[in-house]
Structures are given as structure tokens and as C-alpha cells.
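No value in this document is a laboratory result; all are computed from the given coordinates. Here the structure is a predicted model, which means the values were calculated and not measured. Every residue, glycine among them, receives a Cβ derived from its backbone with ideal geometry; neighbour counts consider all protein chains shown.
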Amino acid sequence: MSGAKANIEINERYCKGCSICVEFCPTKVLAIDAFVAKVENADACIACMQCELRCPDFAIKVHKL
Ligand code: SF4
Ligand code: SF4
């Protein structure tokens with residue numbers, strides 16, 4: 001069973017791999033892989049919205065569950 005509070009959608013065409021979302025995520029859901037953000041630990045997401053709000057390129061959307 002998943003504990004995730006949201007689905008994280010990353011638009012790889014917008015993401016420049018700057019790592020800001022990784023730094024601000026309080027539960028380490030995100031990681032950088034080949035210069036693009038990816039969801040590494042989906043179950044840990046608490047739907048805090050920080051990744052979507054801090055991304056300068058509008059590459060992340062948080063879909064609350
Ligand atoms: S903050 Fe945005 S542009 Fe930067 S790595 Fe995360 S998703 Fe990509
Ligand atoms: S919504 Fe919050 S907990 Fe979920 S991935 Fe984004 S920053 Fe991390």
C-alpha cells in the first residue's frame with residue numbers, strides 16, 4: 001500500500017536539472033538522474049507543494065490524492 005499523498009508529474013522537456021526541487025523536498029522524494037528530476041521515493045510524498053512552487057521552470061505538478 002502506498003503512503004503517498006500526491007502524484008508528482010515531471011515535465012522532462014521543461015526540467016533543466018537544477019536540483020532546486022530536490023533540495024526543498026522535505027522527505028527526499030525527488031532525485032536528479034541524467035540532468036532531469038525524477039521521482040525516486042514516491043511513497044514519502046506529503047503533498048507539501050514545495051517542489052511545484054520552487055521550480056523556476058514550472059516543470060513539476062503536484063496532483064493531490
Ligand atoms: S526545480 Fe524544476 S527545473 Fe530544477 S530540477 Fe526540479 S523540476 Fe527540474
Ligand atoms: S509535494 Fe512536497 S513532499 Fe511531495 S515531492 Fe514535492 S516537495 Fe516533496
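Do we find that LYS61 is surrounded by 15 or more Cβ atoms within 10 Å (Cβ to Cβ), in contact (Cβ under 8 Å) with a residue 40 or more places away in the chain and either of a type outside the set (A, V, I, L, M) or within 11 Å of ligand 2 (Cβ to nearest atom) (or both) in this structure?
Working: surrounded by 15 or more Cβ atoms within 10 Å (Cβ to Cβ): no; in contact (Cβ under 8 Å) with a residue 40 or more places away in the chain: yes; either of a type outside the set (A, V, I, L, M) or within 11 Å of ligand 2 (Cβ to nearest atom) (or both): yes.
When the stated conditions are applied, LYS61 does not pass them.
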Inset, instruction - Looking only at the range 24-42, decide whether some residue is within 9 Å of ligand 1 (Cβ to nearest atom) and not hydrophobic (A, V, I, L, M, F, W, C). - result: no
Restricting the range 43-58 to residues that are surrounded by fewer than 18 Cβ atoms within 10 Å (Cβ to Cβ) and in contact (Cβ under 8 Å) with a residue 40 or more places away in the chain, the one nearest to ligand 1 (Cβ to nearest atom) turns out to be ASP57
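I'd like to verify a number: residues in the range 39-58 that are assigned to a loop (DSSP other than H, G, I, E, B) and either touching a helix residue (DSSP H, G or I) at 6+ places or on another chain (Cβ under 8 Å) or not aliphatic (A, V, I, L, M) (or both), how many? Before the answer, list the steps.
Here is the first cut: in the range 39-58, the residues assigned to a loop (DSSP other than H, G, I, E, B) are 40-41, 45-49, 55-58.
Now narrow it down to the ones that are either touching a helix residue (DSSP H, G or I) at 6+ places or on another chain (Cβ under 8 Å) or not aliphatic (A, V, I, L, M) (or both): 40-41, 45, 48, 55-58.
Final tally of qualifying residues: 8.
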